Amino acid sequence: MSPEPRCGRGAEIELTDKTRKIVGRGGGKLILLGEHAVVYGQPAVVAGLGKGVTAFALLGQEPTLELIDGSTGRSLARVRRGDDEPLARAFAAILETIAPDARVEVQATVDLPLGVGLGSSAAISAAVARALAKASGKADAFELVEAAVDAAEAVFHGTASGIDQAAALGGGLFIYRRTDGFPEETALHCRPITLLVCKAGKAAPTSEMVSSVAALNSRFPEHTRSIFESIGALAAAAPAALAAGEWDMLGELMNLNHGLLAALGVTTLELDHACHVARDAGALGAKLTGAGGGGCVYAVAPDNEEPVLKAWKERGWRTFRFELP
Ligand code: MEV
């Protein structure tokens, strides 16, 4: 279980000249191993990212949510409660859970690429829920914030495991498992390592990828079960490799995990290509991260970081670096 309630962290009040802005924050995530299998009760290893979403709640307005690109300041989307699109439905779910009658305008500045498997939806939900909880005098209602983020993630993800919410609200590096509906998080130790990330195409909506695995699972339950168990065993082997800095071992676990995700049908030509490019440039391992169907791959290449990043950039892919722990 999580060692302490974590939902209140990341909410604060910021006083400006004329307004009282209430601020909430949520972080992105990178799944190192175990996505999809985690929905079926297997363990997964996930890292909260330093980057994420900051939401400002402005009181006394019609309930609206606007997403703003943190790097350009441009508006990415603006929805009203009652609009019929996933972002509006997720916003409505958060309002219903925390403050059904709140008159509040929320601006969420996003410092993560959207919809590429780095947990942007959970980060948005966490930031908005925290800001709303604070705005309605419920900053300490951790369970309410958690429930609101779960409700919003159900809109974005369908049957979600809860891993993105856990990373968005708590951050850190941990192994996550949901057993009989109860999430368990165990913090992990890790020798310093840089994770190289490449955005190789637009991702499909997570809910579609989760549904496609569910459909495969209902047609071939025996076969998918053994794939989920194999993925879980890879994730369970990762903490020892991370703690000891055994990057060769971590790389092999990643490569095996990518192959099993391919068996589940969630990789794409571009994601496979990006993994091969990274390995050819000297990465010890590369795999897709998140729900797949497009989006991001990550690689570990302690002795070849620049060649891997260069090889990805030459193909026109956007790259990022994240430091662990
Ligand atoms: C999405 O970030 C991870 C999935 O395993 C879905 C989930 O666990 O909710 C694909």
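Here's a check for you: in the stretch 30-48, which residue that is more than 8 Å from the ligand (Cβ to nearest atom) and not in a strand (DSSP E or B) is surrounded by the most Cβ atoms within 10 Å (Cβ to Cβ)?
Taking the candidates together, the pick is Q42.
Return the residues of the stretch 70-101 that are of a type in the set (G, A, S) and either under 21 Å from the mean Cα position of the chain (by Cα) or surrounded by fewer than 19 Cβ atoms within 10 Å (Cβ to Cβ) (or both); say none if nothing qualifies.
Of the stretch 70-101, the ones of a type in the set (G, A, S) are 70-71, 73, 75, 77, 82, 88, 90, 92-93, 99.
Selection gives G70, S71, G73, S75, A77, G82, A88, A90, A92, A93.
Could you say whether any residue in the stretch 218-232 is farther than 20 Å from L118 by Cβ, hydrophobic (A, V, I, L, M, F, W, C) and without any contact (Cβ under 8 Å) to a residue 24 or more places away in the chain?
yes
In the list L118, L114, L132, which residue meets the criterion of being in contact with a Leu (Cβ under 6 Å, 6 or more places away or on another chain) and outside any strand (DSSP E or B)?
Criteria check complete, one pass: L118.
I need the full set of residues from the stretch 148-171 which are part of a helix (DSSP H, G or I) and either more than 16 Å from the ligand (Cβ to nearest atom) or without any contact (Cβ under 8 Å) to a residue 24 or more places away in the chain (or both), in order please.
A148, D150, listed by residue number.
Just the residues that are within 16 Å of the ligand (Cβ to nearest atom) and of a type in the set (S, T, N, Q), please, taken from the stretch 208-233.
Result: S211, S212, N217, T224, S230.
Rule-based calculations on the coordinates, nothing more; no lab input. This is a predicted model, so every value here is computed, not measured. In this analysis, Cβ positions are derived from the backbone assuming ideal geometry, glycine residues included, and neighbour counts consider all displayed protein chains.
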